[in-house]
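What follows is a set of notes on a single structure, which appears directly below.
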Amino acid sequence: MRPADRAFLLLAAGICAFALCFVDAARLRAVAGADEAERTRLVAQLRLTDLALFTEARYTRHPSQADLHSAFQDHPLALEHFPTGSLIAPPAGLAKVGAGDTAK
Amino acid sequence: MKLWLAKQRYLIDFTLASLARRKTRNLGLLLVYTLLVFMLASVTLYTHALRQEAARVLAASPEVIVQRMVAGRHDLIPPGYMEKIGRIRGVQKMEGRLWGYYYDAVTKANYTFMVPAGNPPAAGEIVVGPALERSRGLAKDNGISFRSYSGKLHTFIVADVLPQASELVSADLVLMSEQNFRAFFDYPVGHYTDIALSVANPQEVRNVAVKLGAALPDARPILRDEVLRTYASIYDWREGIVLALLSAAILAFGILAWEKASGLSAEEKREIGILKAIGWETGDVIKMKFWEGLLISLTAFLAGFVAAYVHVFHFAASLFEPVLKGWAVLYPRFQLTPHIDGLQVATLFFFTVVPYAAAVLVPIWKAAITDPDSVMRS
């Protein structure tokens, strides 16, 4: 077999594997449908607002419900001490306010 | 067409033979290139799937949650508050929610105690989340005691465990009756943690929030849209942090690829000179190098993307999981459902394949238009 044909075969195999990723994604979505319905049902039934990902503090357990000061609850200049808290984005408006103050 | 195809095949034959002459260098480049695509694709696939998961699951959360704020902090909803909200036009339904946190010194983790709206457990019984079941070694009909904040010990029987499939939203939940909840936290009668509202017309949600702010200045309405945006921004931020950490690797690869693609070695220049001297046209030389760039970058993209897909959705993204998922004592076990964003894949393709394929062409074009004799002598 010529080198060009071997290269085309290799690329064709790569493209097939790439396309198979999308097929596999659709298959896994179909398999996970029942579990997802269960999660959605529980969220609606219990009126839940957050994912139970980070349970170490109240503002990381329910980031959407926490007040803006909760990460600095010990004193105004307290540094965030939970690993998750340090990886959650600050509120979008806060950076703009900070920039404005510096400009003044 | 047949002639054109035959010509391209000969060009590719020659390109592959030329690549094979510098086998170690080109294989090294292909490996690093594939690794880079693998890392970028893993991060984007993982964060997109997490964002989608949060958006789909939380789409069923309450339309508006009303909190009461005192001195900038979340406070209890007092009696009479719900009646004032009920007078606001557009509010279809409202329910006071009862929930709170409990720190368990045994597992050193926080639990979320909650009273379900419908079908609550009987007095003295609780329903627990799957992560709590694991961490405390509980099973149905077991007894468990919690010391309340007033110092009293309360014993409950586990009536049921929430389904494993719901762990992403229920890992740390402890569901109990209203009577048990109020007794455990010494909650005053008629007070609630917050209020869940549903609005008759979904288009009016924002207006209702504005009216709420006017009628109850100490109220803080949290819309479902804001909840969804919070989760989108959490994963945007995390994706950004990982990409920032990877930026050094991306830059290093950029320098390597640019050096390889833009600077021709003396051997390559000699090769081009010989090709021109034996009658190759400038266009043929450029086409040959174009095939070289395309074969390397396309192979790296396909191999990197497929490896990233398998890594994220079949091996639970074990390499990036600690940074992207976060950390907690009671971390839920869940399998991400794959959602591949076509636009993200196209962007990744554009920024990984196109620059390399283009970068190889400029120096080749420069070398190919110069006189073969001077190219061979230089």
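Only Cα sites of region A:1-48 enter the Debye sum here, all with the same form factor; the resulting log10 I(q)/I(0) across q = 0.23 1/Å is -0.80, listed in q order. Distance between the C-alpha centres of region A:1-58 and region B:200-225: 36 Å, rounded to the whole angstrom. Sorted into 10 angstrom bins from 0, the C-alpha pair distances of the protein assembly as shown split as 4, 16, 22, 19, 13, 10, 8, 5, 2, 0 percent. Counting Cβ atoms of other protein chains within 10 Å of each residue's Cβ and taking the mean over peptide B:105-113 gives 2. With the charge dipole of region B:262-351 set up from +1 on Lys and Arg Cβ and -1 on Asp and Glu Cβ about the Cα centre, the Cα lying farthest toward the positive end among the listed residues B:PHE290, B:LEU336, B:TYR309 is that of B:LEU336.
Each 5 Å bin from zero holds the following percent of Cα-Cα pairs in region B:305-357: 4, 15, 20, 21, 17, 11, 6, 3, 2, 0.
Can you work out the base-10 log of I(q)/I(0) for region B:64-223 at q = 0.12, 0.18 1/Å, using the Debye formula on its C-alpha atoms alone? Log10 I(q)/I(0), no solvent term: -0.60, -1.09.
Applying a 10 Å radius around every beta-carbon, put B:138-145, B:35-42, B:238-245, B:358-365 in order of their mean neighbour count, most first.
On the way: B:138-145: 12.2, B:35-42: 22.2, B:238-245: 15.8, B:358-365: 17.4.
So the peptides B:138-145, B:35-42, B:238-245, B:358-365, ranked by packing, come out B:35-42, B:358-365, B:238-245, B:138-145.
What the phi angles of region B:150-155 give under the Karplus curve with 6.51, -1.76 and 1.60, with θ = phi - 60°, is a coupling list of 8, x, 7, 8, 10, 10 Hz, glycine and proline written as x.
Phi angles across region A:25-30 convert, under the Karplus curve 6.51 cos²θ - 1.76 cosθ + 1.60 with θ = phi - 60°, into 3J(HN,Hα) values of 4, 5, 4, 5, 5, 5 Hz, Gly and Pro given as x.
Label point of B:ARG147 set 7 angstrom out along Cα-Cβ; within region B:96-137, amide nitrogens under 12 Å from it belong to B:104-106. Measure out, as a whole number of angstrom, how far apart the alpha-carbon centroids of region B:85-107 and region B:14-74 sit. Region B:85-107 and region B:14-74 have Cα centres spaced 35 Å from each other. The separation of region B:249-303 from region B:322-345, counted between C-alpha centres, amounts to 38 Å.
Determine, for each peptide in B:308-314, B:81-87, the mean count of other beta carbons within 10 angstrom over its residues, then list the peptides with the highest first. Each step should come with its number before you reach the end.
Working: B:308-314: 20.6, B:81-87: 14.1.
The packing order, highest mean first, is B:308-314, B:81-87.
Would you mind classifying region B:1-52 by shape? Square roots of the alpha carbon gyration tensor eigenvalues, ordered a ≥ b ≥ c; an a/c under 1.5 is rounded, otherwise it is prolate if a/b is larger than b/c and oblate if not. Walk me through the numbers on the way to the answer.
Working: a/c = 9.39, a/b = 1.84, b/c = 5.09.
Taking the square roots of the gyration eigenvalues as a ≥ b ≥ c, region B:1-52 is oblate.
The mean number of partner chain beta-carbon atoms within 10 angstrom of a residue's beta-carbon across peptide B:278-284 is 0.
Filter B:LYS140/B:LYS325; B:LYS23/B:LYS325; B:LYS2/B:LYS276; B:LYS23/B:LYS276 down to the pairs with a C-alpha to C-alpha distance above 28 Å, please. Flagged as over cut-off: B:LYS140/B:LYS325; B:LYS23/B:LYS325.
Heavy-atom accessible area, probed at 1.4 angstrom with all protein chains present, ranks B:MET1, B:MET114 as B:MET1, B:MET114, highest first. Summarising the label geometry, the points placed 7 Å from Cα in the beta-carbon direction at A:MET1 and B:ALA277 lie 3.6 nm from one another.
Only Lys, Arg, Asp and Glu count, each charged at its Cβ (+1, +1, -1, -1), so figure out the dipole size of region B:64-223 about its Cα centre, rounded to 20 debye. Don't skip to the end; give the middle numbers.
Working: 17 positive and 15 negative charges, 98 e Å.
It comes to approximately 480 debye.
Taking each residue as 0.36 nm, the span from B:ALA266 to B:ASP75 lengthens on full extension beyond its C-alpha to C-alpha distance by 61.3 nm. Under 5 Å from the amide H of B:ILE340 lies no amide H of any residue 5 or more positions distant or on a separate chain, with H modelled from the backbone and absent for Pro and chain starts.
Residue separation of B:ALA17 and B:GLN335 scaled by 0.36 nm, minus their Cα-Cα distance, works out to 110.0 nm of gained length.
Subtracting the Cα-Cα distance of B:GLU95 and B:VAL32 from 0.36 nm times their residue separation leaves 17.0 nm of extension gain.
Charge tally for B:ARG87 (other residues, Cβ to Cβ under 15 Å; Lys, Arg +1; Asp, Glu -1): +3. If you take every residue apart from B:LEU40 with its C-beta less than 15 Å away from the C-beta of B:LEU40, what net charge results, scoring Lys and Arg +1 and Asp and Glu -1? Surrounding charge for B:LEU40 is -1. Give me the Kirkwood hydrodynamic radius of chain B in Å, from all C-alpha pairs, to one decimal place? Every distinct Cα pair counted, the radius reaches 26.0 Å. Computed from protein heavy atoms with a 1.4 Å probe, the total accessible area buried between A and B is close to 6200 Å². Simple spin-label estimate for B:ALA159 and B:ARG134 gives 2.6 nm between the two label positions (7 Å along the Cα-to-Cβ direction from each Cα). Compared with its chain on its own, region B:55-87 contains the following residues whose accessible area drops by 30 Å² or more in the full protein assembly (probe 1.4 Å; ligands, DNA and RNA excluded): B:ARG56, B:VAL57, B:LEU58, B:ALA60, B:PRO62, B:GLY72, B:ARG73. Here B:ALA6 and B:LEU243 are evaluated by their C-beta separation; at R0 = 45 Å the FRET efficiency comes out at 0.55.
Show me the helices of chain B, taken as full DSSP H stretches, that run 18 Å or more along their long axis by Cα and average 1.0 or above in Kyte-Doolittle hydropathy. Mind dumping the intermediate values first?
On the way: long enough: B:2-21 (29 Å, 0.21); B:23-58 (52 Å, 0.81); B:224-262 (51 Å, 0.55); B:282-314 (47 Å, 1.05); B:342-359 (25 Å, 1.53).
Going by DSSP H runs, the hits are B:282-314, B:342-359.
Antiparallel DSSP bridges in chain B: what percent, to the nearest 5?
On the way: 31 of 38 bridges.
So the antiparallel bridges in chain B amount to around 80 percent.
Ordering of B:219-228, A:31-40, B:63-72 by packing is B:219-228, B:63-72, A:31-40, highest average first (other Cβ atoms within 10 Å, averaged per residue). Annotation: amide H-H contacts under 5 Å for B:HIS74 (H modelled 1.01 Å from N, sequence separation of 5 or more, or interchain): A:ASP67.
The values are calculated or read from the model by the stated rules, or taken from the named source; none is laboratory data. Treat the numbers as computed from the prediction; the structure is a model and nothing was measured. Glycine also receives a Cβ, built like all others from the backbone with ideal geometry; neighbour counts cover every protein chain displayed. For the accessible areas, the whole protein counts, side chains as well, though only heavy atoms, and no ligand, DNA or RNA atoms are used. Shrake-Rupley method; radii C 1.70, N 1.55, O 1.52, S 1.80 Å.
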